Every structure is written in C-alpha cells, then in structure tokens.
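Scroll down for the structure; my scribbles are underneath it.
Quick note: the coordinates plus some simple rules give every number you see, no bench work behind them. Here the structure is a predicted model, which is why all the values come from computation and not from measurement. Virtual Cβ from ideal backbone geometry, glycine too; neighbours counted across all protein chains shown.
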Amino acid sequence: KHSISKFDMSFVFTEIEGQLAVHIDYNTDIYDPVFVEKIGIHLEAFMMKCITNPTYAIEKISYISTEEKSQLLNDFNQTEIAYPKDQTVIDLFVEQVAKTPDATALMFEDVTYTYAALDNASSRLANYVLKYHDLTTEDLVGIKLDNSEWQIIAILAILKAGCAYVPIDTSYPEQRIAYMEEDCKCKLTIDEDTLDDFNNETELSDTLPLVDTKPNHLAYVMYTSGSTGTPKGVMVEHKNIIRLVKSANFYQLSTQDILLSTGAFSFDATTFEYWGTLLNGGCLVVCPKETLLDSEVLSQEIKNRNVNIMWFTAGWLQMLVDTALDLFAPLTTVLSGGDKLSPKHIAILKETYPELTIINGYGPTENTTFSITYEIPEVVGDIPIGYPISNSTAYILSDYLEVQPIGVIGEICLGGDGLSRGYLNHPELTAEKFVSDRFRESGILYKTGDLGRWLPDGTIEFMGRKDNQVKLRGYRIELGEIEAALLSYEEIPQAVVVIKEVNDTKEIVAYMVCESLVDKEQLRASLKTKLPDYMLPSYFVVLDEMPLTSNGKIATKLLPEVTEKDIVRKKYIAPSTALEIQLVEIWQHILGIETIGITDDFFELGGHSLKASKLLSDYQKFCNVKIEMQKIFSHTTIEAHCKLIENAQKVTYVAIPKTPIDTSYPVSNTQKKMWVASQYDKGSIAYNIPACLELSIDATHFKKAIDDVIRRHEILRTVFKQESNGDIRQYIVAPEAFEFEIKTLDYRKYENIEAHVRAYVINDLNKMFDLENGPLLRGALLQVSATNYVFYFNMHHIISDGWSIEVLTKDVLAYYEAYQKNTEVRLEQLNIQYKDYVSWYQNSKTTTGHKEYWKQHFSGEIPKMNLSISDERPAIKTFDGNSFSGEISKEIFDKLKHKTETSGTSLYMSLMGVVNVLLYRYSYQNDIIIGSPFAGRDHPDLKDQIGCFINTIPIRSFVDENKIYDDFLEEVKQAVLEAQYHGSYPFDAILEDIKYSRDLSRSPLFDIMVVMIQNANKEHHVPLENPVLSNIKLPSSNSKVDITFFFKELDDKILCRLVYNTTIYSETVIEKLFESFMTILEKTLDDTSLPIKEYVNSTIDKTERIEYNSFIEELSNSISEDF
C-alpha cells in the first residue's frame, strides 16, 4: 500500500513464479476501492476473452461477469407491476366518471366541468364528428385550438370516436401546419370553425359511441423536430399512456390532486398532465399561455385554484427560482426535466420548501413522456435522472449494443410498455431507432441517442448527446432541420447551426456562406414562416467560407464567436426619453465614455463586477430602485435597464444616519476578525497594506494634503481596544491629539538609490501596527532627485480596503492640487463617517435569505484543499510569504476580452474558471472553495468613504473533468453571481452558522483566494516627471492564505501576482503553477468546447513523465512486500 499516488491510476504487472500479478495504485480522491476492484476483475475477464478470441473486434468483447450483467439487466430493471394494460384511455375515463361524476375534472378561467359534464360534452362532440365525417379506427384527426377547455373536450371526443388525435400548435407557421396535416393525412382538423358548427347543432346524443378500440390502437401522433429538415410524427398507443399514469412508481395522481398544466399542447408533457389527472379522479387546470408567461399572474392562479402539483421545464424552473420563489409555496410536488437540472436552483428550492417533493423526469416522446425519474432527496453535485419507471426498462449499451458496466458511459436504450409504435411514414427510421432487445424475448429497445452511465445505487446519470439533437428551453430540436430550412434558399449554399452560450443563455447560431448579400432581418422573417419560434436562430453569422477539418467536414470548433453585428435587430438608437438620457449619463460617469446608445452593452464597453456594483448604487440613489446584480448580467443594455427600472418596486433613498457621539463605537464583523487574527504571531503583519510610488511634488504641500485627508476621514485616526467584558471597540482620536508624521529622508546621496529605497521599504513591511495605541498608518517621503520623491505608506487593513486606497489617492491629490493652485478643494462634504456605517449596518441591515443560502451552500462535508505540489503543512498556520509576478500579454488579453464579451462573463469570472481548473489539476478535488473580496458598498453614501467595508465571500465550484469547459464556466459565473448577491452577509457569521470546526493549520473555509483589481474610479493623474527609479515592486513578506492570485488590468495587459505561503510552497513550485495556469488559460481561449480533462492533460510535461518512470522503479523494488 502507498500513501501517495502520483497519477490517477497506475498498473504494475509483475511475473512471480510463473504467475502474473497486478498492482493497481490509484488516487483515493478520485476513485473508491469498489470501483478499482471492479477494474481489476474486468481486466482479468477482458484479458481472458482477448486470449480466447484473438480475432474479435475490441468493441465486441464483453468483460462483464454473469453476476454483474444480471444486476444491470435484471436487478436495476425490476419494474414490473400490475396495471390495467387491457383497457383503453376511454375505458378508464368512463370508469372514473362512474366513480366521481360530480367531482371537478377540468377548469379553465371561469369554466368548470365535473367528470359527468366533461363526459357528456366530449361524447356529444364525438357523435358530431362521426355523424358528419367518415371516420374509422385509427384515423388521424388534427386539433388546432388555443389553450382552453375545448382542447381537452376535443381530445376525448376523438378517442371516443376510435381515432387518434394530432395536436397542432396554432402558433406554428402555416407551412409547418400544412406539412403535418398532409403527412398524417388528417381526415379532419378540429378548429374554431369546427366548434362553431358543432355548437350550432341541437340534436346530438351524449352517450358513448359504440366503437371497438383496443389498447394497442393509436391514441395520438405527436410531431417532433426532424434531422432531415421536416418534423416526424411519433405514434403512441393507448397502452403506452396507461403504463405512464396507472400504478406509477414515481408519482401516482389521485382524487386529492389539482394539477395546473404547463406543457405545450404539442409536446408530450401533456400526456402525463392530462391523463394523470383525468384517469385518476384529479382536477386538471388549463390556463392561457399569457398566464404561464407572467409569474405574478401564474402565482395567483396557483393560489386561487389550490394547485398542488405542476410540471416545469428545467430552464423555466431555474428562472422562477431566481425571480419568483414564492410561486412554489402552495405546491407539494414539482416535476421538472427537458434538460439537466441546476443543482444550485434545486438546492435553493429544497432549502426554502423542505417538504416539497421534487422529481427529475427524463424521457423521449418515443417512450411516452417519462422513462426514468428521480425523487431528489438532497442535492450533492449533479442530479441523476434516476430509475426506470413502472413497467419500463433502461440499459446503458455500447455502439455494439453490449452492456456497459457501472460508471462507464454508453447510449441510454429504453424498453417496456411505454415504447411507441415508431415514426409515421418513416419505416427506415423506425427500424434504425427501434431495435430488438437481445436481452429479453420478444422485446424492443429504443435507442435514444442520449448518453448516460449507471451509478452504483442503480440510478442513471445523463451525460449528453451522441448526435446533433439538442434540448433548448424544454424543446427538442434537431439542428439539421434548421440547416435544411436555411439551405432551401438559393443564395445560401452552405449553412451549419450550433448552440452557443451568449449573454447568459444558450442561443441558436446560424453560420452561413452566402453567394449574394442577404438581409438578415428578411431572412429571419422568412424562416418564421417555416419554423416555430423556438427554432429560430438568434444570431446569423456570414462567413466567406466554412472552416474544414482535414477530412473535409465542417470544423464546428473553429467557427468564430458571435458579435453584436450578428444579431438581427434595428440599428443604433440614441436615448430619447428622460429615463434613457438619465441612464446614459450614469453610464458615462461610471465607464468614462462620452457617446453611449441605448443598445450598447455595459460589459462590452468595459464594465465589470465592481463597476456594476457602482451602477446598482447609482440606480438606487438616482432612480429610487434596487435591482439585483444577476439582472445586470442578464440585462445588459440601457434599453433593458429602463424596463427593469420601470417595473422595479420603488425604494426611497434613505441616507445613513449619524450615530450619537460616544467615547467608543462598535466594530464591524470584518474588523473583529482582523483584530483576533492580529493577536497571533505575525498575524497583524498579514493585514498590512503597503503602497509605493514615485512623484514629482512639492513636499510641503503634499504633507499638508495628507494631514487634511486624515482630518477628513475619522477612520484614519481610529484605534481599537478590548473592553473588560471582551468586546472590541473603536476609539476615534481627535485631530489635534493625533500624532502622525510623514518622515522626509534624502536618498540622493546614495549611489544605488533604488537599492536603498527598497531596503527601507522591506524593513518597514515587517513592522507590526499597535492596534490599541495607533497610529494605524505610517508614511515617508524618500527624496531621489531635486523634484522627485518616493512616497511610501502602509496602513492596517482594519481601517481600509482596496477601494479605500482609491478614495485616499483621489482625496490627497485633490487637496494637493488646491494647495498648488491656491484654490478651494473640489471634494463633496462627507455626511457620515465609518463609525456611522457600522452602527447603521448592525441596527438595520437585513439578512433575510442570506443566512439560509450560506447554510445550505455549505451543508455537509467541507472540502480542504490539498495540492500535490505543497510541502507538509505545519500544525499551526504561519503567515510567512513571498510573491511571484507574471503577466498576461496583450495578445492573450485581447482573446480573453473577446471571450468575456461573447460569453456574458467578466474578466474576473473567466480567470476564476481557469484557477478552478488549475486547482483541480494539482489536487484532483472536485469540490473547490475559493475566497474572494466583496466591495460591500451597496449603499450610495459609501462610495467616497475610507474604511474596512470589504467582506470575504467563499465561492464554491464543482469540477467534473468530463464536463465541457463552456458549461463549467457558466456554472462558475452563476456561483460568482449568487455569492455576490449574498455577499453582504459577514464571513464570520457564515462560519458561525455552519458551525465550522477551526483547523489551526489552515485559514477558515478556504486556502486559496482570487483578487481582481479593477478600479472603481478613473485612473488618477499622478504628478511625475523625469522618473529616477523603475517601477518599484513591493516584496510580499506575509500571506494570509496559502496562495492568493492577484490579477490587475493595466492598459493592454493583465499583471499577475501570486502571493504564497513560503512554509508550504517554494518559488520553483509557484513558478510551475503559474506556467500551468497560462497553459490552461491559452488552451481555453483557443477552444472552450473540450472536456476539462483535456486542459488538465495539456499541463503534464516531460518532467512528470520522468518522475513517473522513477516512481515505477521504486514501486517495483517494493512490489514483493505488496504480494
């Protein structure tokens, strides 16, 4: 046994006395013993099969034991249960009518039908269509009606007539509707005209027509997107529906259920909604589409109807959790699917409503709505799609239809009584997708094209698609159908359609090679006549030629990113309304840009998280609204912001009040944490904030300016003392009693001026501040020429933060300019001081929702970061530090900016994503927590204040090496936005709430930090002429955490500085870490569509290969001990 594994897994074969022994060494952070044991068993079986059958193709060799195959095929698929398979939908509906004739069956707006009334109405319509149309068993009848009670009545009538219904969405283009009606040879389409004629008929029987319908007869044909350019109809029988809604093991509806239908009429979620209620005595609520699109109206509908169960597409559910969480309060059960569920949103939903049952539902139309479901007990990483439902089977098979073992990815193949008859008028496609079940007699399997894998508990995890089919906002889309529509235009000889992440959402992007100029607006309007709205591309990119692979196929990975010019929209629009003009002025002030239109993008103009924080602050102050940060990232134009502001609830700007004068004042949570940390050896030094710059100044005026700034800001004259009861309090020293002096030292006499300046700085860096007696800042002017001085100053973090340095710089230069020009200083009067902020915050700051968020976010086991390149960690944490500097060049920076513009992320988010992958590379830990500073200045009164407003927020990410980097970056983005939204909640309070157990060898909760330095204010003009020294880089003598990544945007590049703890990391190791960071960054900028493991593998160099060979030799020498 070995305590360290240098690689994920190593196989060492040794010949011992005529036998071959194998030793598997593996990383326990990645693999568990059971999985590795399985590999050993499979390896032996695979070798035996290879030896016995040397001519077999590798893909066809099955290495699974009989017992394991039985578990996968039988144990995981024991779903058989008695259900009324010999009855039809109408048989069961009529039975339910007899049981509960007076119970409410259907509601739409002001209309209510009992079961008896619904039975009579549908029978009358059935007799009407039979009277006037020559219909026979399994004839297809279209239904082209908007959401109403008549949709349901029409469906029942068609089934009672022995026919099958074809739902046709009224919003579909006429061309698509005509194709569907022609393809299915509809004998009749029930529309509003049909109903008008029916309602004028006076003599119609309400008895059930005498029609002989069997369980294996067609019930409906539902059209889905087709890869050949036209939709294809899926033929579903009565028995398929019965298997879904009777004796169901995932949720059995009953007479107590009231379900509000949200499924689109032409999509098969309605199969569960309609028949789950009507065949089990429940109540079905139908509402207009407009109600579903307005969360407030929908929420009221749920309350008014006493709805307890609903279905939501995954994307819609996520949006509602973000924007209308109260909507779920009345519900007891939520089903969701159509795409991968967001673990974070499900976690929020479960945390808010612990009693709410949430079911993940997976299944294609070809297997009648649901095939696999999962009732979510708790959220731990990705959410499985679950177990096969009653009377259904699910296999994970290879391309050769061989059973895949647990943990191995294969195609999800479905069987059982839910399987449809196949595709209408497409026997070849039916034969291709519906194949014989070689594991069960007389069985059929449907090859979904979806990838999945078994988990040890018998659940299935969804892993993506094999082909060009996608799910977007709950709709199943064949991109080939959109491509075929584009290629139908003569001027477009080549086209490819892909899904891309643009501004926070997945968008359909069409790339085209055009023989003549194409008007994109007209093209989209024309496509609208062929494709439904959900299939229309959002972006149209015109190329000179398609990028090709070496074998002549289109290289989709080389397709360019979309830009604003690719959007189909009106041209630039100047501000016109008073609100638009006001917002343009606010943007101009924050971004420093003169000309801004209402369609310009905030982030493309240079905005970032810090500036967005300032934007929100100004909106609150000048527009009397408070808008969430997430909305700024999803609504990025002035046009969109006007709508947000107009629809936002107005909040009155309330100034922070002054606290009554006292001898001492309370401290903030952050200040208390720093005070405690400063009691440890070198703990205070860790919170020193030094700065150093060369200036061409009048020293006398400059000193006066600093004195004035100290008088202006009380926090610069503050000290901290512990009371007899243990409380930490801040005391403000009066200006006349405050002893502070800027030393002036002449360094012109030295031959090596820079070396002596550096020596002075290094010496001061290691001096501790006396928090009790002060002062908590010190400074010096080191004269290096007749006109130039190096201004060095150092402050304790307990009285300042990064933003404060900007305020301090601005104020000092303002006073200095006033002295130089003999004018009045141009600074707004400060109405409050830092002590007022602390008192106001502690008395009035609400923590509603924040506490619960952080408790849920860090429930369960908290990971500890252990990088493979670190030295042994001492029992007591040290703060000894050093730094390594590097930079991101202009070329790479330009690519990075382009990536952020097209992906809807910020520089900070993009760099955070790369750091996560880097940490995974050197730890192989999936669960990663990174600390990051949060400005904490969301009130407008705080923008010109100096003080410790900053809070530290822990950002938690889950790295799956098989996940596409683009998808992972989206998760990082959401993690950052959520953390920032809840960022005002004190870090110490988080530790207390989650009952964090302190480890003296580490920093609390995280050991890695990322800091993005993007100044909130404009760059200040620093007076400097004829500089004497080069840029003075301050050495880092302390490190608060193991490693802090500092990124500073400067001109056309990004400066990088890694401050690290020298006790556990060497300079060589940190240099290698930065090299790996740059490798991963560049590779992600070249191609973001690869799995994370590809970026990780790109950093493994020859040296590690040599180390590996050395490891093998060492392992071989000790192998006898292992056997």
* Asked: Given [x] 91, 38, 31; [y] 60, 37, 28; [z] 74, 40, 25, which label gives semi-axes √(5λ) of the Cα gyration tensor in Å as computed from the coordinates?
  -> [y]
* Asked: Taking only C-alpha pairs under 8 Å that are 6+ residues apart, what is the relative contact order of segment 176-329 in percent?
  -> 16 percent
* Asked: When the Debye formula is applied to the Cα atoms of segment 9-63, each taken as the same point scatterer, what base-10 log of I(q)/I(0) results at q = 0.12, 0.15, 0.25, 0.26 Å⁻¹?
  -> -0.36, -0.54, -1.02, -1.04
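Taking every DSSP beta bridge with both residues inside the chain, roughly what % is antiparallel (nearest 5)?
70 percent
List the trypsin sites (Lys or Arg not before Pro) within segment 1-85 that DSSP assigns to loop and that have no more than 10 neighbouring Cβ atoms inside 10 Å.
Values: sites: Lys1, Lys6, Lys38, Lys49, Lys60, Lys69, Lys85; in loops: Lys1, Lys6, Lys85.
Sparse-neighbourhood loop trypsin sites (Lys or Arg not before Pro): Lys1.
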* **For the chain, with +1 on Lys and Arg beta carbons and -1 on Asp and Glu, the positive-most of Tyr750, Ala121, Phe93 along the dipole** => Tyr750
* Structure fact -> For the chain the mean separation of alpha carbon contacts under 8 Å (6+ apart) over residue count, i.e. relative contact order in percent, is 8 percent
* Asked: segment 137-236: which GluC sites (Glu not before Pro) are DSSP loop and have at most 12 other beta-carbon atoms within 10 angstrom?
  -> Glu203
* Assigned charges on the beta-carbon of Lys, Arg, Asp, Glu; segment 875-948 dipole about Cα centre (debye) -> 180 debye
* What helices does the chain have that are whole DSSP H segments, at least 27 Å long along their own axis by Cα, and with mean Kyte-Doolittle hydropathy of 0.5 or more? -> 33-52
* Asked: Taking only the alpha carbons of segment 665-833, what extent do you get along each of the three principal axes, in Å, biggest first?
  -> 54, 39, 27
* Order of Leu644, Leu782, Leu548 from fewest to most other C-beta atoms within 10 Å? -> Leu548, Leu644, Leu782
* To do: Using per-residue counts of other Cβ atoms within 10 Å, averaged over each peptide, order 691-703, 868-880 from highest down.
  => 691-703, 868-880
* To do: Sum -39500 (n - 2.57) across every DSSP H segment of at least 4 residues in the chain, then divide by the residue count to get the 222 nm mean residue ellipticity, nearest 500.
  => -10500 deg cm²/dmol
* To do: Diagonalise the Cα gyration tensor of segment 92-138 and give the resulting equivalent ellipsoid semi-axes, square root of 5 times each eigenvalue, largest first, whole Å.
  => 24, 14, 8
* Nearest-20 debye value, segment 665-833 charge dipole, Cβ charges on Lys, Arg, Asp, Glu -> 140 debye
* DSSP-loop trypsin sites (Lys or Arg not before Pro) across segment 167-201, with at most 13 other Cβ within 10 angstrom -> Lys185
* To do: Mind ranking 743-754, 13-24 by how tightly packed they are, going by the mean number of other C-beta atoms within 10 angstrom, highest first?
  => 743-754, 13-24
* To do: Mind sorting Lys851, Lys890, Lys144 by how few other Cβ atoms lie within 10 Å of their own Cβ, fewest first?
  => Lys890, Lys851, Lys144
* To do: For segment 346-372 and segment 140-173, compute the distance between their C-alpha centroids and round to whole Å.
  => 27 Å
* Asked: Sequence-distant or interchain residues sharing an amide H contact under 5 Å with Gly281, placed H: which?
  -> none
* With an 8 Å cut-off on Cα pairs and a minimum separation of 6 or more residues, tell me the relative contact order of segment 9-63 in percent. => 23 percent
* Assigned charges on the beta-carbon of Lys, Arg, Asp, Glu; the chain dipole about Cα centre (debye) -> 2440 debye
* To do: Bin all alpha-carbon pair distances of segment 837-989 at 10 Å intervals from 0 and give each bin's fraction as a whole percent.
  => 8, 29, 35, 23, 5
* Asked: Taking neighbour counts of Cβ atoms within 10 Å as a proxy for exposure, in what order, fewest first, do Asp437, Asp29, Asp519 appear?
  -> Asp519, Asp29, Asp437
* **Selected from Ile596, Ala103, Gly881, residue furthest toward positive end of dipole (the chain; charges at beta carbon)** => Gly881
* Unit charges at the beta carbon, dipole of the chain: most positive-side option, Val1059, Pro493, Tyr981 -> Val1059
* **Mean Cβ neighbour count within 10 Å, used as a protection proxy, ranking 267-278, 486-497 highest first** => 267-278, 486-497
